[in-house]
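Okay, handing you the structure first.
Computed from the coordinates by the stated procedures, all read-outs in this text should not be read as laboratory data. The model shown is predicted, which means the values in this text are computed figures rather than measured ones. Using ideal geometry, Cβ is built from the backbone for each residue, glycine included, and neighbour counts are taken over all protein chains shown.
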Amino acid sequence: MLELDIGGKKVQVEIPKIKARFVWAGIAIVFLAVGALTSFYTVQADEEGIVLRFGKYIKTEAPGLHFKLPFLIERVEKVEVRRQMKQEFGFSTEGNTNRNQYAIPREQEQEKQMVTGDLNAARVEWVVQYRIDKPKEYLFNVRNADETLRDASESVMREVVGDRTVDEVITVGRQEIEAESLLKLQKLVNKYEMGISIDQVQLKNVKPPQPVELSFNEVNRAEQERATAINVALGEKNKKIPKAKGEAIQVISQANGYAAKRVNEAEGDAARFEALFTVYQKAPEVTRRRIYLETMQKVMPLLERKIIIDEDTKQILPLLQLNQGGIQR
């Protein structure tokens, strides 16, 4: 019986007695359910599972369904080892979900302010792309490996930029800076045993300080126009010189061909004359008549109108038909 005080009146309420075995059965059911729910876990295709027993590393599990000891005796840290991640310095991309991908706006401005080797200032924005290749080292060797990577990346970039002039940083030295930063950052990560593989270091916007940015852009534009003019002039030079050389070679070849032709013709005429002279010496009359006939054979086709008469004819007028436009032979 349970006695309650309601509005100054005491009321006795009878509570049914519950058997102890039902209570223990319910507790057992809840215990088993919780144990079952905390005994199985799934590792996704792009992950690896790090199994910890009371906080101590036990093993690494591949993707799939696995069993572990229940009731938080063992817990699993899932690490995305097949996903490429990135960190941005000096700026941030909208819509990102990784907190370690960017810094707060105030720190972003501090990150990109750098001093070059010739004591000039520059604003450098860059991106580091990386993967987690050793999950155990990533979780346990360094406290907050992603934040440590940000600090290491900024340190390496300041070192590399500090070894070069402002012109190299802004214009021609970008690829060298990226390559050297990648090597130094990977070496530093390996030294700390962070379990991270650096895929790429890429410079984004590299600008001079804002007060001199317009002047620097004008100088840079003038340099580009100068380089363009030089390239155009060199292109015209490379175009004209080969063309002139080709024309010269063509003229020389034509002259040599004409000279060879004239020499060959002269030598042929001389050889033919000598042969004809030899024949003439043997039979002068026959040779003279043959030369006459060959000459007439060449000349006659060139005449438009031809009148052939006997040498004994006294006059040719009766033979001509003057009322016709043509003359018959």
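Can you tell me the relative contact order of the chain? Whole percent, Cα pairs under 8 Å, sequence separation 6 or more.
Relative contact order of the chain: 10 percent.
Chymotrypsin sites (Phe, Trp or Tyr not before Pro), restricted to region 25-96: which are DSSP loop and have at most 16 other Cβ atoms within 10 Å?
For chymotrypsin sites (Phe, Trp or Tyr not before Pro) across region 25-96 that sit outside H, G, I, E and B with at most 16 neighbouring Cβ atoms in 10 Å, the list reads Phe54, Phe71.
Kirkwood Rh, region 59-175, all Cα pairs: how many Å?
The Cα-based Kirkwood calculation yields 16.9 Å.
Follow-up. In terms of modelled amide H atoms, which long-range or inter-chain residues lie less than 5 Å from the amide H of Tyr102?
Amide H neighbours of Tyr102, under 5 Å, 5+ apart: Glu88.
Then there's this: Within 10 Å of each candidate Cβ there may be at most 15 other Cβ atoms; applying that plus a DSSP loop requirement, which trypsin sites (Lys or Arg not before Pro) in region 219-302 survive?
Nothing satisfies the criteria.
Between Asn98 and Gln84, what length in nm is gained on full extension when 0.36 nm per residue of separation is reduced by their alpha carbon distance?
Between Asn98 and Gln84, full extension yields 3.8 nm more.
I've got another one for you. Measuring from label point to label point, each 7 Å out along Cα→Cβ, what is the Glu285 to Val172 span in nm?
For the pair Glu285/Val172, the computed spacing is 9.6 nm.
Further, regarding this structure: Report the local net charge at Val115: Lys and Arg +1, Asp and Glu -1, summed over other residues whose C-beta lies under 14 Å from its C-beta.
-2
Helix 145-161 versus the longest principal axis of the chain: what is the Cα-based angle in degrees, 0 to 90, to the nearest 10?
That works out to roughly 40 degrees.
Tell me the GluC sites (Glu not before Pro) within region 77-144 that lie in a loop according to DSSP and have at most 13 other beta-carbon atoms within 10 Å.
Those that pass, being in a loop and sparsely packed, are Glu94.
Hey, another quick one. Give Lys261/Lys298; Lys68/Lys184; Lys207/Lys240; Lys86/Lys184; Lys68/Lys134; Lys136/Lys187 a once-over and call out the pairs whose C-alpha atoms are over 29 Å from each other.
Lys68/Lys184; Lys207/Lys240
Suppose every K and R has +1 on its Cβ and every D and E has -1 on its Cβ; what is the size of the dipole of region 85-208 about the Cα centre, in Debye to the nearest 20?
Value, rounded to 20: 280 debye.
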